[in-house]
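Take a look at the structure below.
The values are calculated or read from the model by the stated rules, or taken from the named source; none is laboratory data. All values derive from a computational prediction rather than experimental measurement. When we count neighbours, we look across all protein chains shown, and the Cβ atoms used for this are built from the backbone with ideal geometry, even at glycine. With ligands, DNA and RNA removed, areas are computed over all heavy atoms of the protein, side chains included. Shrake-Rupley method; radii C 1.70, N 1.55, O 1.52, S 1.80 Å.
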Amino acid sequence: MATPPPLPARSAPAPARRAGTVSLISLGCPRTLVDSELYLGRLQRVGFQVVDAVEGSDTVLINTCSFIQESIQESIDTILRAVALKKQGKVKAVVVGGCLVQRFKQQLIAELPDVDGFVGVDGFEDIETVVQRALHGEHPESLRSRPRLPHRGGRVARTPLTPAHYAYLKISEGCLKGCSFCVIPKIKGPLSSRPLEAVVEEARQLVEERGARELIVVGQDTSDYGVDLYRRPRTPELLGRLARIAGLRWIRLLYCHPRGISDELIQAIRDEPVVCKYLDMAIEHADDAVLARMNRGITQAVLRERIGALRAEIPGIALRTSIIVGFPGETDPAFERLLAFLREARFERLGAFTYSHEEGSAAFRFPDQVPDAVKQERFDRLMRLQQEIAAAVNARAVGRTCEVLVDEPDPVDPRQFVGRTRADCPEVDGVVYVRSRAPLAPGTFVPVRITDSYEYDLVGHVVEA
Ligand code: SF4
(Lines give C-alpha, C1' and ligand atoms only; values in the text may rest on other atoms or scores of the structure.)
Protein backbone atom coordinates (compact mmCIF):
# COMPACT_ATOMS: atom_id res chain seq x y z
CA MET A 1 0.00 0.00 0.00
CA ALA A 2 1.36 3.48 -0.99
CA THR A 3 2.37 6.09 1.71
CA PRO A 4 -0.95 7.90 2.36
CA PRO A 5 -1.13 11.77 2.10
CA PRO A 6 -1.63 13.93 5.28
CA LEU A 7 -4.91 13.56 7.18
CA PRO A 8 -7.89 16.03 6.92
CA ALA A 9 -8.92 18.44 9.80
CA ARG A 10 -12.33 19.20 11.58
CA SER A 11 -14.03 21.50 14.29
CA ALA A 12 -16.39 21.45 17.42
CA PRO A 13 -16.87 23.35 20.75
CA ALA A 14 -14.74 22.29 23.81
CA PRO A 15 -16.52 20.98 27.00
CA ALA A 16 -15.21 21.95 30.50
CA ARG A 17 -13.91 18.60 31.84
CA ARG A 18 -11.05 16.97 29.96
CA ALA A 19 -11.10 13.17 29.40
CA GLY A 20 -8.83 13.68 26.43
CA THR A 21 -9.20 15.07 22.98
CA VAL A 22 -10.78 13.14 20.15
CA SER A 23 -10.88 13.83 16.42
CA LEU A 24 -13.12 12.00 14.01
CA ILE A 25 -13.07 11.03 10.33
CA SER A 26 -16.44 9.93 9.00
CA LEU A 27 -16.31 7.96 5.74
CA GLY A 28 -19.13 6.66 3.57
CA CYS A 29 -22.80 7.66 3.59
CA PRO A 30 -25.05 9.98 5.63
CA ARG A 31 -26.18 7.00 7.70
CA THR A 32 -22.60 6.57 8.90
CA LEU A 33 -22.41 10.32 9.49
CA VAL A 34 -25.33 10.06 11.92
CA ASP A 35 -23.49 7.27 13.73
CA SER A 36 -20.41 9.50 13.89
CA GLU A 37 -22.48 12.30 15.43
CA LEU A 38 -23.76 9.82 18.01
CA TYR A 39 -20.24 8.62 18.85
CA LEU A 40 -19.07 12.21 19.40
CA GLY A 41 -22.22 13.11 21.34
CA ARG A 42 -21.56 10.31 23.81
CA LEU A 43 -17.84 11.08 24.09
CA GLN A 44 -18.51 14.78 24.71
CA ARG A 45 -21.08 13.90 27.34
CA VAL A 46 -18.39 12.13 29.38
CA GLY A 47 -15.92 14.99 29.03
CA PHE A 48 -13.98 14.26 25.86
CA GLN A 49 -13.07 17.35 23.85
CA VAL A 50 -13.81 17.06 20.15
CA VAL A 51 -11.02 18.79 18.24
CA ASP A 52 -10.41 19.94 14.69
CA ALA A 53 -7.07 18.59 13.68
CA VAL A 54 -6.29 14.92 13.81
CA GLU A 55 -2.63 15.65 14.38
CA GLY A 56 -2.17 16.39 18.07
CA SER A 57 -5.45 14.79 19.15
CA ASP A 58 -5.21 12.07 21.80
CA THR A 59 -7.50 9.71 19.90
CA VAL A 60 -8.49 9.64 16.24
CA LEU A 61 -11.78 7.81 15.69
CA ILE A 62 -12.33 6.58 12.12
CA ASN A 63 -15.89 5.60 11.20
CA THR A 64 -15.49 3.44 8.14
CA CYS A 65 -17.44 2.26 5.09
CA SER A 66 -17.19 -1.13 3.36
CA PHE A 67 -20.05 -1.06 0.85
CA ILE A 68 -17.85 -1.58 -2.21
CA GLN A 69 -14.14 -2.19 -2.96
CA GLU A 70 -13.46 1.50 -3.49
CA SER A 71 -14.82 2.48 -0.07
CA ILE A 72 -12.97 -0.41 1.56
CA GLN A 73 -9.71 0.86 0.05
CA GLU A 74 -10.43 4.42 1.19
CA SER A 75 -11.13 3.16 4.73
CA ILE A 76 -7.90 1.15 4.87
CA ASP A 77 -5.85 4.05 3.48
CA THR A 78 -7.33 6.34 6.13
CA ILE A 79 -6.51 3.87 8.92
CA LEU A 80 -2.93 3.52 7.66
CA ARG A 81 -2.52 7.30 7.63
CA ALA A 82 -3.67 7.44 11.23
CA VAL A 83 -1.36 4.61 12.26
CA ALA A 84 1.54 6.41 10.55
CA LEU A 85 0.75 9.51 12.62
CA LYS A 86 0.68 7.45 15.78
CA LYS A 87 4.12 6.06 14.96
CA GLN A 88 5.28 9.66 14.60
CA GLY A 89 3.83 10.41 18.05
CA LYS A 90 1.23 12.80 16.60
CA VAL A 91 -1.75 10.89 18.00
CA LYS A 92 -1.88 8.58 21.01
CA ALA A 93 -4.56 6.10 19.92
CA VAL A 94 -6.35 5.00 16.77
CA VAL A 95 -9.90 3.63 17.14
CA VAL A 96 -11.73 2.18 14.15
CA GLY A 97 -15.48 1.77 13.90
CA GLY A 98 -18.21 1.26 11.37
CA CYS A 99 -19.02 -1.04 8.48
CA LEU A 100 -15.46 -2.16 7.69
CA VAL A 101 -15.14 -3.46 11.26
CA GLN A 102 -18.56 -5.13 11.13
CA ARG A 103 -17.74 -6.84 7.83
CA PHE A 104 -14.11 -7.87 8.36
CA LYS A 105 -13.85 -8.15 12.15
CA GLN A 106 -11.21 -10.80 12.86
CA GLN A 107 -9.24 -10.10 9.67
CA LEU A 108 -8.81 -6.44 10.62
CA ILE A 109 -7.76 -7.27 14.18
CA ALA A 110 -5.16 -9.71 12.85
CA GLU A 111 -3.83 -7.46 10.08
CA LEU A 112 -3.90 -4.09 11.88
CA PRO A 113 -2.16 -4.66 15.24
CA ASP A 114 -1.32 -0.94 15.49
CA VAL A 115 -4.98 -0.03 15.78
CA ASP A 116 -5.82 0.47 19.47
CA GLY A 117 -9.52 -0.29 19.49
CA PHE A 118 -12.33 -1.63 17.32
CA VAL A 119 -16.04 -0.91 17.58
CA GLY A 120 -18.79 -2.37 15.42
CA VAL A 121 -21.70 -0.53 13.79
CA ASP A 122 -23.70 -0.86 16.98
CA GLY A 123 -21.01 0.04 19.47
CA PHE A 124 -22.66 3.28 20.62
CA GLU A 125 -23.02 2.23 24.19
CA ASP A 126 -19.40 1.13 24.35
CA ILE A 127 -17.65 3.99 22.59
CA GLU A 128 -16.57 5.82 25.76
CA THR A 129 -15.11 2.65 27.27
CA VAL A 130 -13.45 1.63 24.01
CA VAL A 131 -11.74 5.03 23.62
CA GLN A 132 -10.66 5.21 27.27
CA ARG A 133 -9.32 1.65 27.23
CA ALA A 134 -7.62 2.24 23.85
CA LEU A 135 -5.83 5.22 25.35
CA HIS A 136 -4.58 2.89 28.12
CA GLY A 137 -3.25 0.38 25.60
CA GLU A 138 -5.84 -2.30 26.38
CA HIS A 139 -6.81 -2.91 22.73
CA PRO A 140 -10.57 -3.21 23.37
CA GLU A 141 -13.03 -4.66 20.87
CA SER A 142 -16.77 -4.03 20.88
CA LEU A 143 -18.23 -6.27 18.23
CA ARG A 144 -21.64 -7.87 18.22
CA SER A 145 -22.74 -10.40 15.61
CA ARG A 146 -26.22 -8.91 15.30
CA PRO A 147 -26.34 -5.11 15.12
CA ARG A 148 -28.70 -3.43 17.57
CA LEU A 149 -30.30 -0.10 16.78
CA PRO A 150 -29.26 2.60 19.23
CA HIS A 151 -31.39 5.10 21.14
CA ARG A 152 -34.86 3.71 20.68
CA GLY A 153 -36.29 6.67 22.52
CA GLY A 154 -35.72 9.90 24.40
CA ARG A 155 -33.02 12.51 24.14
CA VAL A 156 -30.23 11.90 21.69
CA ALA A 157 -26.72 13.28 22.19
CA ARG A 158 -25.39 14.11 18.72
CA THR A 159 -22.46 16.39 17.93
CA PRO A 160 -23.28 18.16 14.66
CA LEU A 161 -21.10 17.26 11.69
CA THR A 162 -23.25 19.14 9.19
CA PRO A 163 -23.98 22.88 9.08
CA ALA A 164 -26.56 23.67 11.78
CA HIS A 165 -29.37 24.38 9.31
CA TYR A 166 -29.66 20.82 7.99
CA ALA A 167 -29.39 17.41 9.61
CA TYR A 168 -29.83 13.76 8.69
CA LEU A 169 -32.55 11.85 10.53
CA LYS A 170 -31.96 8.09 10.61
CA ILE A 171 -35.28 6.24 10.96
CA SER A 172 -34.13 2.63 10.65
CA GLU A 173 -31.14 0.34 10.27
CA GLY A 174 -30.71 -2.78 8.19
CA CYS A 175 -32.77 -4.00 5.25
CA LEU A 176 -35.21 -6.74 4.22
CA LYS A 177 -34.72 -6.55 0.46
CA GLY A 178 -31.71 -8.75 -0.30
CA CYS A 179 -30.49 -7.36 -3.60
CA SER A 180 -27.96 -9.82 -5.02
CA PHE A 181 -25.15 -7.26 -5.40
CA CYS A 182 -25.48 -5.86 -1.89
CA VAL A 183 -23.71 -6.83 1.37
CA ILE A 184 -25.47 -4.28 3.59
CA PRO A 185 -27.93 -6.76 5.12
CA LYS A 186 -24.87 -8.82 6.11
CA ILE A 187 -23.30 -5.76 7.77
CA LYS A 188 -26.35 -4.04 9.23
CA GLY A 189 -28.73 -7.01 9.65
CA PRO A 190 -32.43 -7.14 8.85
CA LEU A 191 -34.63 -4.04 9.01
CA SER A 192 -34.84 -2.50 12.48
CA SER A 193 -37.09 0.56 12.58
CA ARG A 194 -37.01 3.12 15.36
CA PRO A 195 -40.34 3.76 17.10
CA LEU A 196 -42.19 6.60 15.40
CA GLU A 197 -42.43 8.67 18.58
CA ALA A 198 -38.64 8.39 19.11
CA VAL A 199 -37.99 9.59 15.56
CA VAL A 200 -40.38 12.54 15.91
CA GLU A 201 -38.85 13.43 19.29
CA GLU A 202 -35.34 13.45 17.82
CA ALA A 203 -36.54 15.50 14.85
CA ARG A 204 -38.04 18.08 17.21
CA GLN A 205 -34.76 18.18 19.10
CA LEU A 206 -32.79 18.75 15.88
CA VAL A 207 -35.07 21.64 14.90
CA GLU A 208 -35.53 23.30 18.29
CA GLU A 209 -32.06 22.82 19.76
CA ARG A 210 -29.75 22.52 16.75
CA GLY A 211 -31.58 24.95 14.52
CA ALA A 212 -32.13 22.50 11.66
CA ARG A 213 -34.45 23.91 9.03
CA GLU A 214 -34.05 20.95 6.68
CA LEU A 215 -34.26 17.32 7.78
CA ILE A 216 -33.03 14.62 5.43
CA VAL A 217 -34.69 11.30 6.19
CA VAL A 218 -32.36 8.30 5.79
CA GLY A 219 -32.22 4.55 6.34
CA GLN A 220 -31.11 1.63 4.17
CA ASP A 221 -34.60 1.46 2.65
CA THR A 222 -36.88 4.21 3.94
CA SER A 223 -39.89 2.86 2.03
CA ASP A 224 -40.06 -0.10 4.42
CA TYR A 225 -39.97 1.99 7.58
CA GLY A 226 -42.07 0.37 10.29
CA VAL A 227 -42.77 -2.92 8.54
CA ASP A 228 -40.88 -4.82 11.27
CA LEU A 229 -42.36 -2.91 14.23
CA TYR A 230 -45.91 -2.19 13.00
CA ARG A 231 -46.44 -4.86 10.32
CA ARG A 232 -47.01 -2.09 7.73
CA PRO A 233 -44.97 0.70 6.19
CA ARG A 234 -45.44 3.99 8.08
CA THR A 235 -43.26 6.33 6.01
CA PRO A 236 -46.25 8.40 4.77
CA GLU A 237 -47.49 8.86 8.32
CA LEU A 238 -44.01 9.72 9.57
CA LEU A 239 -43.67 12.46 6.93
CA GLY A 240 -47.00 13.89 8.09
CA ARG A 241 -45.86 13.92 11.72
CA LEU A 242 -42.53 15.51 10.89
CA ALA A 243 -44.28 18.16 8.81
CA ARG A 244 -46.08 19.33 11.96
CA ILE A 245 -42.83 20.35 13.69
CA ALA A 246 -42.74 24.14 14.06
CA GLY A 247 -39.72 25.79 12.47
CA LEU A 248 -39.00 22.94 10.06
CA ARG A 249 -39.04 24.21 6.44
CA TRP A 250 -37.88 21.28 4.33
CA ILE A 251 -38.14 17.49 4.68
CA ARG A 252 -36.27 15.38 2.13
CA LEU A 253 -36.74 11.63 1.68
CA LEU A 254 -33.76 9.54 0.56
CA TYR A 255 -33.10 5.83 -0.10
CA CYS A 256 -36.61 4.81 -1.12
CA HIS A 257 -36.81 1.43 -2.86
CA PRO A 258 -39.08 1.84 -5.93
CA ARG A 259 -41.02 -1.23 -4.86
CA GLY A 260 -42.12 0.68 -1.76
CA ILE A 261 -43.43 3.79 -3.55
CA SER A 262 -47.09 3.40 -2.62
CA ASP A 263 -49.92 5.75 -3.57
CA GLU A 264 -50.06 6.78 0.12
CA LEU A 265 -46.40 7.79 -0.01
CA ILE A 266 -46.95 9.77 -3.22
CA GLN A 267 -49.90 11.56 -1.61
CA ALA A 268 -47.88 12.36 1.52
CA ILE A 269 -45.10 13.93 -0.57
CA ARG A 270 -47.72 15.79 -2.67
CA ASP A 271 -49.91 17.05 0.16
CA GLU A 272 -47.35 18.15 2.79
CA PRO A 273 -45.95 21.57 1.77
CA VAL A 274 -42.87 21.07 3.98
CA VAL A 275 -41.97 17.83 2.19
CA CYS A 276 -39.70 18.66 -0.75
CA LYS A 277 -41.08 17.57 -4.10
CA TYR A 278 -38.01 15.45 -4.40
CA LEU A 279 -37.51 11.69 -4.08
CA ASP A 280 -34.37 9.58 -4.09
CA MET A 281 -35.43 6.21 -5.56
CA ALA A 282 -32.58 3.95 -6.61
CA ILE A 283 -33.70 1.79 -9.58
CA GLU A 284 -30.21 0.33 -10.16
CA HIS A 285 -31.21 -0.88 -13.66
CA ALA A 286 -34.19 -1.04 -16.04
CA ASP A 287 -33.73 -4.21 -18.05
CA ASP A 288 -36.06 -6.96 -16.81
CA ALA A 289 -33.52 -9.78 -16.99
CA VAL A 290 -30.90 -7.73 -15.13
CA LEU A 291 -33.46 -6.54 -12.55
CA ALA A 292 -34.38 -10.18 -11.93
CA ARG A 293 -30.71 -11.23 -11.48
CA MET A 294 -30.27 -8.28 -9.12
CA ASN A 295 -33.26 -9.63 -7.16
CA ARG A 296 -34.84 -6.16 -7.22
CA GLY A 297 -38.34 -7.63 -7.23
CA ILE A 298 -39.55 -5.12 -9.80
CA THR A 299 -39.91 -4.86 -13.59
CA GLN A 300 -39.38 -2.05 -16.10
CA ALA A 301 -43.14 -1.78 -16.56
CA VAL A 302 -43.71 -1.22 -12.83
CA LEU A 303 -40.87 1.30 -12.69
CA ARG A 304 -42.46 3.17 -15.58
CA GLU A 305 -45.86 3.11 -13.88
CA ARG A 306 -44.52 4.37 -10.52
CA ILE A 307 -42.49 7.15 -12.12
CA GLY A 308 -45.55 8.08 -14.17
CA ALA A 309 -47.69 8.20 -11.04
CA LEU A 310 -45.14 10.40 -9.25
CA ARG A 311 -44.92 12.83 -12.16
CA ALA A 312 -48.69 12.94 -12.68
CA GLU A 313 -49.52 13.46 -9.01
CA ILE A 314 -46.63 15.81 -8.23
CA PRO A 315 -45.86 17.98 -11.29
CA GLY A 316 -42.31 19.33 -11.15
CA ILE A 317 -41.07 16.64 -8.76
CA ALA A 318 -37.30 16.08 -8.93
CA LEU A 319 -36.42 12.37 -9.05
CA ARG A 320 -32.96 11.16 -8.09
CA THR A 321 -31.81 7.64 -8.86
CA SER A 322 -28.70 5.49 -8.92
CA ILE A 323 -27.66 2.95 -11.53
CA ILE A 324 -25.23 0.04 -11.57
CA VAL A 325 -23.66 -0.74 -14.95
CA GLY A 326 -21.77 -3.93 -15.79
CA PHE A 327 -23.77 -6.27 -13.56
CA PRO A 328 -22.97 -9.93 -14.30
CA GLY A 329 -24.88 -11.02 -17.37
CA GLU A 330 -25.61 -7.47 -18.58
CA THR A 331 -25.53 -7.83 -22.37
CA ASP A 332 -25.16 -5.02 -24.92
CA PRO A 333 -28.91 -5.14 -25.73
CA ALA A 334 -29.74 -5.05 -22.01
CA PHE A 335 -27.55 -1.98 -21.60
CA GLU A 336 -29.22 -0.33 -24.62
CA ARG A 337 -32.59 -0.99 -23.00
CA LEU A 338 -31.34 0.73 -19.85
CA LEU A 339 -30.22 3.78 -21.84
CA ALA A 340 -33.55 3.89 -23.67
CA PHE A 341 -35.40 3.83 -20.35
CA LEU A 342 -33.25 6.67 -18.94
CA ARG A 343 -33.91 8.74 -22.08
CA GLU A 344 -37.63 8.26 -21.42
CA ALA A 345 -37.66 8.65 -17.60
CA ARG A 346 -35.36 11.71 -17.65
CA PHE A 347 -34.29 11.59 -13.99
CA GLU A 348 -33.42 15.07 -12.78
CA ARG A 349 -30.61 13.70 -10.66
CA LEU A 350 -28.63 10.48 -11.22
CA GLY A 351 -25.56 8.77 -9.78
CA ALA A 352 -24.00 5.79 -11.56
CA PHE A 353 -21.54 3.12 -10.45
CA THR A 354 -19.74 0.27 -12.13
CA TYR A 355 -20.67 -3.10 -10.61
CA SER A 356 -18.41 -3.97 -7.67
CA HIS A 357 -17.65 -7.66 -7.21
CA GLU A 358 -18.38 -8.05 -3.49
CA GLU A 359 -17.48 -11.23 -1.63
CA GLY A 360 -20.44 -12.19 0.54
CA SER A 361 -23.01 -10.95 -1.98
CA ALA A 362 -25.10 -13.49 -3.93
CA ALA A 363 -23.88 -12.02 -7.24
CA PHE A 364 -20.26 -12.77 -6.30
CA ARG A 365 -20.79 -16.35 -7.57
CA PHE A 366 -22.69 -15.33 -10.72
CA PRO A 367 -21.21 -16.33 -14.09
CA ASP A 368 -20.85 -13.87 -16.99
CA GLN A 369 -18.87 -11.24 -15.08
CA VAL A 370 -18.47 -8.16 -17.31
CA PRO A 371 -14.88 -7.06 -18.12
CA ASP A 372 -13.79 -3.80 -16.43
CA ALA A 373 -13.15 -2.08 -19.77
CA VAL A 374 -16.73 -2.78 -20.87
CA LYS A 375 -18.09 -1.58 -17.51
CA GLN A 376 -16.15 1.67 -17.88
CA GLU A 377 -17.25 2.21 -21.49
CA ARG A 378 -20.90 1.73 -20.47
CA PHE A 379 -20.47 4.01 -17.45
CA ASP A 380 -19.05 6.77 -19.68
CA ARG A 381 -21.86 6.45 -22.21
CA LEU A 382 -24.50 6.55 -19.51
CA MET A 383 -22.99 9.62 -17.84
CA ARG A 384 -22.76 11.44 -21.18
CA LEU A 385 -26.47 10.81 -21.68
CA GLN A 386 -27.27 12.00 -18.16
CA GLN A 387 -25.23 15.17 -18.62
CA GLU A 388 -27.42 16.05 -21.60
CA ILE A 389 -30.58 15.36 -19.59
CA ALA A 390 -29.30 17.29 -16.55
CA ALA A 391 -28.32 20.28 -18.69
CA ALA A 392 -31.76 20.35 -20.33
CA VAL A 393 -33.49 20.03 -16.93
CA ASN A 394 -31.43 22.91 -15.52
CA ALA A 395 -31.95 25.10 -18.61
CA ARG A 396 -35.70 24.97 -17.92
CA ALA A 397 -35.07 26.76 -14.58
CA VAL A 398 -33.66 29.90 -16.24
CA GLY A 399 -36.07 32.81 -15.80
CA ARG A 400 -37.83 31.18 -12.86
CA THR A 401 -37.69 32.32 -9.22
CA CYS A 402 -36.86 29.50 -6.80
CA GLU A 403 -36.66 29.28 -3.01
CA VAL A 404 -32.99 28.73 -2.15
CA LEU A 405 -31.52 27.60 1.18
CA VAL A 406 -28.14 29.27 1.63
CA ASP A 407 -25.43 26.84 2.73
CA GLU A 408 -22.31 28.99 2.76
CA PRO A 409 -20.44 31.95 1.22
CA ASP A 410 -18.87 30.95 -2.09
CA PRO A 411 -15.31 29.90 -1.16
CA VAL A 412 -14.12 31.01 -4.62
CA ASP A 413 -16.04 34.24 -5.24
CA PRO A 414 -16.75 36.36 -2.13
CA ARG A 415 -19.43 38.32 -4.01
CA GLN A 416 -21.71 35.30 -4.07
CA PHE A 417 -23.15 32.53 -1.91
CA VAL A 418 -23.80 28.81 -2.44
CA GLY A 419 -27.20 27.34 -1.79
CA ARG A 420 -29.67 24.70 -2.88
CA THR A 421 -33.21 24.52 -4.17
CA ARG A 422 -35.74 21.95 -2.94
CA ALA A 423 -34.49 19.78 -5.82
CA ASP A 424 -30.92 19.59 -4.49
CA CYS A 425 -29.75 17.28 -1.74
CA PRO A 426 -26.53 18.27 0.04
CA GLU A 427 -23.30 16.60 -1.06
CA VAL A 428 -24.81 14.67 -4.01
CA ASP A 429 -26.77 17.15 -6.18
CA GLY A 430 -25.98 20.50 -7.76
CA VAL A 431 -25.92 23.93 -6.14
CA VAL A 432 -27.11 27.46 -6.90
CA TYR A 433 -24.57 30.30 -7.01
CA VAL A 434 -26.41 33.30 -5.61
CA ARG A 435 -25.52 36.95 -6.10
CA SER A 436 -26.86 39.22 -3.35
CA ARG A 437 -26.38 42.88 -2.41
CA ALA A 438 -26.62 42.00 1.26
CA PRO A 439 -24.59 39.24 2.98
CA LEU A 440 -26.56 36.01 3.42
CA ALA A 441 -26.22 33.88 6.53
CA PRO A 442 -26.10 30.07 6.17
CA GLY A 443 -29.55 28.68 6.85
CA THR A 444 -31.34 31.64 5.24
CA PHE A 445 -34.10 31.02 2.72
CA VAL A 446 -34.15 33.54 -0.15
CA PRO A 447 -36.11 33.91 -3.40
CA VAL A 448 -33.61 33.64 -6.26
CA ARG A 449 -34.22 34.46 -9.90
CA ILE A 450 -32.29 31.95 -12.00
CA THR A 451 -30.30 33.69 -14.73
CA ASP A 452 -28.00 30.93 -15.98
CA SER A 453 -27.55 27.16 -15.86
CA TYR A 454 -24.85 24.51 -16.23
CA GLU A 455 -25.16 20.73 -16.38
CA TYR A 456 -25.53 20.39 -12.63
CA ASP A 457 -25.51 23.91 -11.16
CA LEU A 458 -27.56 27.10 -11.46
CA VAL A 459 -26.73 30.79 -11.16
CA GLY A 460 -29.05 33.55 -10.00
CA HIS A 461 -29.57 36.63 -7.89
CA VAL A 462 -31.69 37.35 -4.86
CA VAL A 463 -35.05 38.91 -5.74
CA GLU A 464 -34.85 42.03 -3.59
CA ALA A 465 -38.13 42.87 -1.81
S1 SF4 B 1 -32.48 -2.20 -0.81
FE2 SF4 B 1 -30.49 -1.18 -0.71
S3 SF4 B 1 -29.60 -1.75 1.27
FE4 SF4 B 1 -31.28 -3.16 0.83
S5 SF4 B 1 -30.31 -4.92 -0.11
FE6 SF4 B 1 -31.01 -3.58 -1.75
S7 SF4 B 1 -29.27 -2.24 -2.22
FE8 SF4 B 1 -28.86 -3.21 -0.24
Worksheet, complete the sentence: Once amide hydrogens are built 1.01 Å from N within the peptide plane, the residues lying 5 or more places from Y168 or on another chain with amide H under 5 Å from its amide H are I216
Worksheet item: For the chain: lysine pairs with Cα atoms under 26 Å, gap of 8 or more or different chains, count?
Response: 15
Fill in: Between the stretch 230-259 and the stretch 74-127, the Cα center-to-center distance that results, in Å
35 Å
Discussion item. Whole percent per 10 Å bin, from 0 to the bin with the longest distance: what is P(r) over all C-alpha pairs of the chain?
Written reply: 4, 19, 28, 28, 17, 3, 0
Discussion item. Per residue of the stretch 251-261, what does 6.51 cos²θ - 1.76 cosθ + 1.60 with θ = phi - 60° give for ³J(HN,Hα)? Whole Hz please, x for Gly and Pro, Karplus curve as stated.
Written reply: 10, 10, 9, 10, 6, 9, 5, x, 5, x, 7
Practice prompt. Scan the chain and hand back the longest stretch that contains none of the GluC sites (Glu not before Pro) lying in DSSP loops with at most 16 other Cβ atoms within 10 Å.
Written response: 210-358
Worksheet item: Cα gyration tensor of the stretch 310-465, axes a ≥ b ≥ c as square roots of the eigenvalues: rounded (a/c below 1.5), prolate (a/b > b/c) or oblate?
Response: prolate
Worksheet item: Hey, in the chain, which Cys have no second cysteine's beta-carbon closer than 4.7 Å?
Response: C29, C65, C99, C175, C256, C276, C402, C425
Discussion item. Amide H of A397 versus every other amide H placed in the peptide plane: which residues, excluding those fewer than 5 positions away on the same chain, fall under 5 Å?
Written reply: none
Discussion item. Give me the Å³ per residue figure for the convex hull around the C-alpha atoms of the stretch 401-462.
Written reply: 79 Å³
Worksheet entry | Relative contact order of the chain, pairs being alpha-carbon contacts under 8 Å that are 6 or more residues apart, as % | 9 percent
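Calculate, for E464 and R343, the FRET efficiency according to 1/(1 + (r/R0)^6) with r their C-beta to C-beta distance and R0 35 Å; round to the nearest 0.05.
On the way: r = 40 Å, r/R0 = 1.15.
The value I calculate is 0.30.
Regarding the stretch 166-395, what's the average projected area of the Cα-atom convex hull, expressed in nm²? Show your work: numbers first, answer last.
Working: hull surface 50.5 nm².
Average of the hull's projected areas for the stretch 166-395 equals 12.6 nm².
How large is the convex hull of the C-alpha atoms of the stretch 197-321 per residue, in Å³? Walk me through the numbers before you get to the answer.
Details: hull volume 12.5 nm³, N = 125.
Hull volume over Cα atoms, normalised by residue count, gives 100 Å³.
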Worksheet item: Which far-off residues, 5 or more places away or on another chain, put their amide H under 5 Å from the one on A318, with H placed in the peptide plane?
Response: Y278, L279
Worksheet item: Of the trypsin sites (Lys or Arg not before Pro) in the stretch 330-410, which ones lie in a loop per DSSP and count no more than 13 other C-beta atoms within 10 Å?
Response: R396, R400
Worksheet item: Per residue Cα convex hull volume for the stretch 20-142, in cubic angstrom?
Response: 88 Å³
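State in Å² the accessible area per residue of the chain; use a 1.4 Å probe, count heavy atoms of protein chains only, and round to the nearest integer. Could the numbers behind the result be given before it?
Working: 19210 Å² over 465 residues.
I get 41 Å² per residue for this part.
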